[in-house]
Amino acid sequence: MKVLTSAFFIMVLAIQLQAQNYQVTFAGTGAAITVDSVKVENLTQCTSLAITGRDTLVLSSTAGITEPGPAPGRGVVVYPNPSTGNFSVIIEAASAGIVVATMFDMSGKIIGRRTYLITAESHSFLLDAMPAGSYILEVRSDSRVYHAKLISQATTTCLPGQVHPGPLNVFMKNNPVSGSKIFMLFSAGDTLKLTGRSGNLRTVSMLFPTQSQTVTFTFMHCADADSNHYAVVKIGSQWWMQENMKATHYRDGSPIPNVTDSATWGSLTTGAYCDYHNLPEEGLYYGHLYNYYAAADSRNLCPAGWHIPTHSEWNIMEKLLDHTVDTLALGGTGKLIGRMLKEGCSTRWQYMDTTSGINSAGFTALCTNYRNASGAWSLAPGNNHDDGFWTATPYSTSSAWFRSLRWCYADIYSLFPMKRSGYSVRCIRDN
């Protein structure tokens, strides 16, 4: 992206959209009643932020003042603006690195400066107790410079004992105190994915806001033999793991062999796992690929209280989400189900607007790729291809039912590949 080099004091127009602000608070139930934190993802705008469970999320269509040029979802957003002296500042970083935030008064005098090491995501800051006046916030990284004009309509013009407004000790405090109001840009019709955390427990709740409300996360235990804790999501009456399995041991502690050699993989009739192209980083993010023998092993791959979903259990979820799914079909079926299950805002799934993920069900299917029965890897430009999930239902002595979401289609694919193939595993909660 081109570096912004406009003169420092060029002002840009504020956009004040007239719309209702929705306030969202959080509660917990089930295995935990305390919500430690919430990750908020706007899947329509591809923005995100992290807040504490005692914060109030304020969804607002009133934008701050930002300099033109950053790609959608990247840059600096200030809420509300103007304000009575307290601002939420969202820095949406395109890449990890060091950023320097500097506050100027309108004479150009520096009244505050902080340096942050941030990751490539949205970061929320509080800027509070700003006396009445106008200010310029500059956020500078190695490759970008963004500016925002802030207007404080506070009743005071300076803080007690302070000659200049905005002292350093109130400037850009990261990790805001619990109970703050945290603003997020929102438009009517946007889809929000909320991931509530309580200790090691995580639950996903999908939100399509039309009013202020309290979101209650139902927390439950979902941890494998390696102590990997998985987020869960409720779809209809079913509870699904919201992440792919990463276990390297069965529930009884027995190890699952990691088979990297293609010829060996292609001759197996016992359980095994691998990472795509034998890259550990693939397994770390996308989960491991398992053959059917591992998925069906009596020692149990899934966490206690969970099991591999059957062909019929997949059918229940599919028909609930997309009535055009034909549960008797072989091959692709359904007009929208694939998009509803695929991860949103994912470059691996990007092919056409009509096939990419919207993740409206919260299932968050990742574009994992796969390993075929001969041990060869799936192939596509930039590793963009399909995924696949085993069911618990065999079809024959050598094949079993699975589900696949395809890179260039919006449907779901139902068939029975060879049991030696390597696919992802999602578990469903026992009734």
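With respect to being at pLDDT below 70, out of contact with any Cys (no Cβ under 7 Å at 6 or more places or on another chain) and not aliphatic (A, V, I, L, M), Lys173 fits the description. Screening Trp349 with (1) modelled with pLDDT of 95 or more; (2) crowded, with 23+ Cβ neighbours inside 10 Å; (3) farther than 19 Å from Glu313 by Cβ gives one miss only, at (1).
For the stretch 257-293, a residue qualifies if it is assigned to a helix (DSSP H, G or I), among the small types (Gly, Ala, Ser) and either without any contact (Cβ under 8 Å) to a residue 60 or more places away in the chain or loosely packed, with under 14 Cβ neighbours inside 10 Å (or both), and the qualifying residues are Ala263, Gly283.
Checking each residue of the stretch 134-147 against the condition of being surrounded by 12 or more Cβ atoms within 10 Å (Cβ to Cβ), over 16 Å from Ile90 (Cα atoms) and at pLDDT 85 or above gives at least one match. Taking the criterion of being under 19 Å from Gly388 (Cα atoms) and of a type in the set (D, E, K, R), the only residue of the stretch 260-275 that qualifies is Asp275. Restricted to the stretch 127-151, and to residues there that are farther than 19 Å from Asn86 by Cβ and among the acidic types (Asp, Glu), the residue that is nearest to the chain's Cα centre (by Cα) is Asp142. Filtering the stretch 377-431 to residues that are among the β-branched types (Val, Ile, Thr) and either without any contact (Cβ under 8 Å) to a residue 40 or more places away in the chain or crowded, with 22+ Cβ neighbours inside 10 Å (or both) leaves Thr391, Thr397, Ile412, Val425, Ile428.
Need a quick list: strands (runs of 3 or more DSSP E) entirely within the stretch 308-418 having at least 1 residues that are β-branched (Val, Ile, Thr) and farther than 25 Å from Glu281 by Cα.
In the stretch 308-418, 331-333, 389-394, 412-415 are the strands (runs of 3 or more DSSP E) which contain 1 or more residues that are β-branched (Val, Ile, Thr) and farther than 25 Å from Glu281 by Cα.
Picking from residues in the stretch 221-239 that are under 27 Å from Asp322 (Cβ atoms) and loosely packed, with under 15 Cβ neighbours inside 10 Å, the one that is nearest to the chain's Cα centre (by Cα) is Gly236.
In the stretch 310-323 there is no residue that is touching a Gly at 6+ places or on another chain (Cβ under 9 Å), under 14 Å from Ala247 (Cα atoms), in contact (Cβ under 8 Å) with a residue 24 or more places away in the chain and buried (at least 16 other Cβ atoms within 10 Å of the Cβ).
The values are calculated or read from the model by the stated rules, or taken from the named source; none is laboratory data. Treat the numbers as computed from the prediction; the structure is a model and nothing was measured. Every residue, glycine as well, gets a Cβ built from its backbone with ideal geometry; the counts of neighbours run over all protein chains shown.
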